[in-house]
């Protein structure tokens with residue numbers, strides 16, 4: 001009797017060990033079928049792909065970035081991924097640095113950023129680049145360890161606007177330039193392009209003002225300069241919101257037709273100003289492409305690794321080009337914008 005009881009105890013213990021081993025294997029998705037990605041019938045079972053974390057960091061909020069955002073969303077739909085759009089609320093380098101450091105600490109795979117202060121932010125950018133695939137768009141930081149720049153050749157864009165200003169002032173004249181911060185790479189390069197064209201045609205830049213992305217100050221700067229220079233001929237804005245600020249100041253001071261805005265980017269007020277004859281022209285970039293191509297490159301760098309790295313252009317730049325919008329093509333351009341925003 002004792003031997004029989006002992007037999008059943010040993011049998012039960014062995015059964016329990018086998019059962020626990022089987023359960024543990026199931027809990028871990030174990031077994032050859034699971035390791036090979038098959039179900040119990042030998043059929044292919046779906047595998048869960050790694051969810052990549054991507055972020056698109058702007059320099060602030062404006063209509064310009066809404067268009068870029070539409071490009072981001074277009075790629076999201078095509079690739080079935082998510083790209084988080086981040087914007088420093090007051091458009092300061094300090095806010096942008098905080099966003100970048102936070103993204104790096106949260107395990108993002110790739111980040112695209114338009115750099116507000118390229119020289120001052122190099123250390124932060126390099127720290128971020130150690131943890132994520134870092135690219136720039138719109139405003140570059142060539143001294144940093146970013147992998148790629150996507151956007152406008154801003155020097156050439158400046159030359160394009162300079163050529164338009166020469167058409168406005170064929171016999172020479174005086175102009176003023178306005179921007180958020182001249183130290184930002186896109187502003188520096190645009191201004192250099194303008195200067196290299198206009199100075200050869202007896203056009204003098206009599207004043208330059210920055211507003212640190214303060215919209216009220218942007219308009220006040222224009223009013224101050226117009227009042228200080230009654231013979232001013234052209235007012236140029238290098239950033240998107242500068243155009244509307246110049247228009248508002250020109251119209252408020254009754255200077256329409258006397259001080260002629262020649263600006264950058266496609267703010268609604270800028271395009272309306274071209275239609276009603278207040279603005280001579282605007283040089284527009286391709287913000288939709290900034291968003292779309294930045295998202296595409298981030299995704300490929302995050303998922304394809306060395307294969308994607310091998311396709312980066314030798315000069316580490318993807319030039320998206322510019323267009324010049326004048327009264328004769330503004331209606332067509334506005335219709336195109338409507339389609340892009342869809």
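Worth a mention:
- Region 230-342, relative contact order [Cα under 8 Å, separation at least 6], %: 24
- Using the Cα coordinates of region 199-342, the gyration tensor eigenvalues translate into equivalent-ellipsoid semi-axes of 35, 18, 14 Å, sorted from longest to shortest.
- To the nearest ten degrees, helix 63-79 and the longest principal axis of the Cα atoms of the chain are 30 degrees apart.
- Added length on full extension, which subtracts the Cα-Cα distance from 0.36 nm per residue, residue 312 to residue 79: 81.9 nm
- Exposure proxy ranking, count of Cβ atoms within 10 Å, fewest first, for 294, 144, 105, 240: 105, 144, 240, 294
- Length-normalised contact order for the chain - Cα pairs under 8 Å, 6+ apart - percent: 18
- Cα radius of gyration and Dmax for region 154-284 (Å): 12.8, 34
- Helix 93-105 and the longest principal axis of the C-alpha atoms of the chain enclose an angle of approximately 20°.
- Binning all Cα-Cα separations of the chain at 20 Å, short to long from zero, yields these whole-percent fractions: 27, 44, 15, 9, 4, 1, 0.
- Relative to the dominant Cα principal axis of the chain, helix 287-304 is inclined by about 30°.
- Sorted by Cβ density within 10 Å, fewest first, the residues 239, 297: 297, 239
- Taking 84, 109, 265, 231 and counting other C-beta atoms within 10 Å, the order from fewest to most: 231, 84, 109, 265
- Rounded Å value of the spacing that divides the Cα centres of region 275-342 and region 158-232: 24
- The mean sequence distance of close C-alpha pairs (under 8 Å, at least 6 residues apart), as a share of the length of region 154-284, puts its relative contact order at 26 percent.
- Of the three principal axes defined by the Cα atoms of region 53-138, the extents in descending order read 35, 27, 18 Å.
Values quoted throughout were computed directly from the atomic coordinates according to the rules given, and no laboratory measurement underlies them. Since this is a predicted model, take the numbers as computed values, not measurements. So basically every Cβ, Gly included, is an ideal-geometry build from the backbone, and we count neighbours across all protein chains shown.
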